[in-house]
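Each reported figure results from applying straightforward, stated rules to the coordinates on display, with no laboratory input. Just so we're clear, the structure is a prediction, and the values are computed from it rather than from any experiment. So basically every Cβ, Gly included, is an ideal-geometry build from the backbone, and we count neighbours across all protein chains shown.
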Amino acid sequence: MLKNNLKYILLVILLVIVLSLVANSNHSVIKPHTTYYFKNYKQYSNNGKNNNVVKGVKGTLLSKVVLAKNINGVSFDTTPVVSGDMEYIGTMNRTKLTGALYAIKRTTGKVVWHDSFSNWIMTNPVVVPQIGMVFVGSGNSKHYGKTNGVSFRGTGNNYIYAIDLGTGKIAWKYKTVGENMPTPIYKSGVLYFVNGNRTFYALSVKDGKLLWSLNVGSIVSMSSPVMIGNNVYFGGADPYAVFDVNIKSKSIAWKDTMKGITGALDDTTPTYSNGFIYTNSTKLVNYKKNQGNEYLYKINATNGNIIWKMKEGYGVLNLPTDPMEGSVSTIVGDVLYTSSNAARELLAVNTNTQKILWKFKVSGMVNAPFIIIKNLIYSITGDGNVYVLDIKNGEFIAKRTLGGPELASGMSFYSGKFYVATGNGNIYTFK
């Protein structure tokens with residue numbers, strides 16, 4: 001009897017020790033509890049040059065969970081950027097207005113290093129292996145202040161950071177007025193970015209010193225600049241406008257001021273294809289119900305002439321906590337794949353005729369570009385669902401439900417695997 005009681009006591013003690021270790025671990029393994037549906041999801045509607053187009057890879061359905069881990073107390077908010085055997089992900093804390101950058105071993109999920117900052121990190125990490133650096137910007141979407149009598153967006157400490165890839169040590173930082181939430185561009189030793197202080201900047205990546213800057217006159221919220229040759233395209237607000245900045249002449253090549261709209265343009269990253277850029281905006285129509293129209297534009301990239309403007313959808317434009325952000329389009333040939341966040345629909349649009357080829361209802365907003373692999377299109381929604389559709393007709397193929405919200409970032413595809421991080425600290429690798 002005593003022997004049996006002793007075994008029972010030792011077993012209880014062992015169980016308490018194991019539970020204690022799990023509870024105190026910052027990198028606890030989570031079960032692959034994500035839900036996966038195949039060909040059994042109700043489709044509500046089906047009417048029949050881009051870096052997100054992956055060639056030469058066999059179609060995959062995200063069916064296998066390669067890695068699932070949780071980093072306790074972390075809210076990931078950027079797209080995982082994979083480089084070599086590492087992935088880099090930014091975080092934000094809405095309440096405390098803090099953020100961090102994590103360097104994580106992509107095969108094991110082990111945190112190699114992380115840096116903490118006194119503001120959100122919402123830019124996707126810009127990883128430049130040839131110089132051993134990763135660049136991020138900090139800032140938030142809080143209330144406006146004023147500098148020289150002109151309003152700006154973002155409170156607290158706003159910086160652009162250069163960080164050593166191997167150690168996580170900050171090499172330099174550049175302070176700005178206003179948030180730095182659009183993702184910067186690296187080219188030939190120079191870092192280019194736009195921000196909440198209506199300014200376009202060019203910094204030396206060697207020491208972070210300002211090379212030149214340009215007042216563009218509009219606040220850039222989350223519209224990450226797109227560089228084609230010497231031309232950089234982005235959208236701004238107050239007033240709403242689309243810009244083309246020429247980095248050679250250090251001037252605004254053209255500017256389209258958009259009248260009669262109320263949102264999304266400054267939050268939409270433009271898409272470039274064959275001499276045209278595509279972006280979107282919203283216009284509030286029903287103030288009482290907070291509903292309105294969402295529009296898609298095709299613009300001549302050389303002179304800023306608007307080729308066409310079409311209505312994408314109608315619906316709720318602002319959530320209880322945040323304004324609706326614009327979607328990012330992906331183009332293959334003459335077909336543009338995008339989303340109407342107002343209508344909560346994915347769309348395929350012929351860029352020549354403006355004809356909507358097919359629509360598909362989704363559960364949440366889509367802020368990230370699509371990933372296209374052969375005949376399949378992958379889209380991730382802010383409420384944590386990944387949809388797989390047939391690119392030709394929008395027919396539903398599969399859906400994976402993640403273990404948390406996906407916030408405003410997206411998925412990465414690298415060497416045959418998908419990488420994604422959620423707002424409750426989960427990181428996943430699928431194939």
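Translational D (Stokes-Einstein, µm²/s) of region 234-379 at 4 °C and 1.567 mPa s when Rh comes from the Kirkwood sum over C-alpha pairs?
The calculation lands on 83 µm²/s.
Could you tell me how far the Cα centroid of region 333-360 sits from the Cα centroid of region 195-264, in Å?
27 Å
Per-residue ellipticity at 222 nm for the chain, helices alone: DSSP H runs ≥ 4 residues times -39500 (n - 2.57), over residue total, nearest 500 deg cm²/dmol? Don't skip to the end; give the middle numbers.
Numbers: 1 runs with 22 residues, N = 431.
Value at 222 nm, helices only: -2000 deg cm²/dmol.
N300 versus K431, label points 7 Å from Cα toward the beta carbon: distance in nm?
Going by the 7 Å Cα→Cβ label model, 4.8 nm.
For region 272-300, list residues with backbone N below 11 Å from a point placed 7 Å from the Cα of K355 toward its Cβ?
From region 272-300, the list is empty.
Taking 0.36 nm per residue of separation and subtracting the Cα-Cα distance, what length does fully extending S63 through T147 add?
Result: 25.1 nm gained on full extension.
Calculate, in nm to one decimal, what M227 and S251 gain on full extension: separation in residues at 0.36 nm each, minus their alpha carbon distance.
The M227-S251 span can extend by a further 7.2 nm.
So, counting K/R as plus one and D/E as minus one, what does the shell of residues with Cβ under 13 Å around N231 add up to? The partial results should precede the final answer.
On the way: positive: K187, K248, K250, K255; negative: D244.
Overall, the nearby charge balance is +3.
With a cut-off of 8 Å between alpha carbons and a minimum separation of six or more residues, what is the relative contact order of region 136-277 in percent? Let's see the in-between values first.
Values: 360 pairs, mean separation 21.9, N = 142.
In percent, rounded to a whole number, it is 15.
If you take semi-axes √(5λ) of the Cα gyration tensor in Å from the coordinates, which of (i) 61, 22, 18; (ii) 37, 28, 20; (iii) 34, 26, 21 do you get?
So the calculated entry is the one marked (ii).
For region 276-362, how big is Rg over Rh, using alpha carbon atoms and the Kirkwood form of Rh?
With Rg and the Kirkwood Rh in hand, the quotient comes to 0.99.
If you average the sequence gap of Cα pairs under 8 Å that are 6 or more apart and divide by the length of region 292-431, what percent do you get for the contact order? It would help to have the intermediate numbers written out before the result.
Values: 297 pairs, mean separation 17.8, N = 140.
Contact order relative to length: 13 percent.
Peptides 407-416, 380-389, 293-302: what's the order by average Cβ count within 10 Å, highest mean first?
With the highest mean Cβ count within 10 Å placed first, the list reads 380-389, 293-302, 407-416.
What is the sum of charges around Y144, taking Lys and Arg as +1, Asp and Glu as -1, for the other residues whose C-beta is under 12 Å from the C-beta of Y144?
Details: positive: K142, K146, R153, R198; negative: E179, D238.
Neighbourhood net charge equals +2.
Please list 233-239, 155-161 highest first by mean number of surrounding beta-carbon atoms within 10 Å per residue.
On the way: 233-239: 23.0, 155-161: 20.0.
So the order, starting with the most tightly packed, is 233-239, 155-161.
With label points built 7 Å along Cα→Cβ from the Cα atoms of S188 and N157, find their separation and express it in nm.
Taking the simple label geometry, S188 and N157 are separated by 3.5 nm.
Can you list the residues of region 152-175 with backbone N under 17 Å from a point 7 Å past the Cα of D207, pointing along Cα to Cβ?
162, 171-175
Tell me the relative contact order for region 77-222 as a rounded percent, counting alpha carbon contacts under 8 Å between residues six or more apart.
16 percent
What percentages, rounded to whole numbers, describe P(r) for region 77-222 computed over all alpha carbon pairs with 10 Å bin width beginning at zero?
Distribution as computed: 12, 44, 33, 10, 1, 0 percent.
Quick check: residue separation of K173 and K96 times 0.36 nm, minus the Cα distance between them. What number comes out in nm?
On the way: separation 77, 0.36 × 77 = 27.72 nm, distance 2.13 nm.
Result for the pair: 25.6 nm of gain on full extension.
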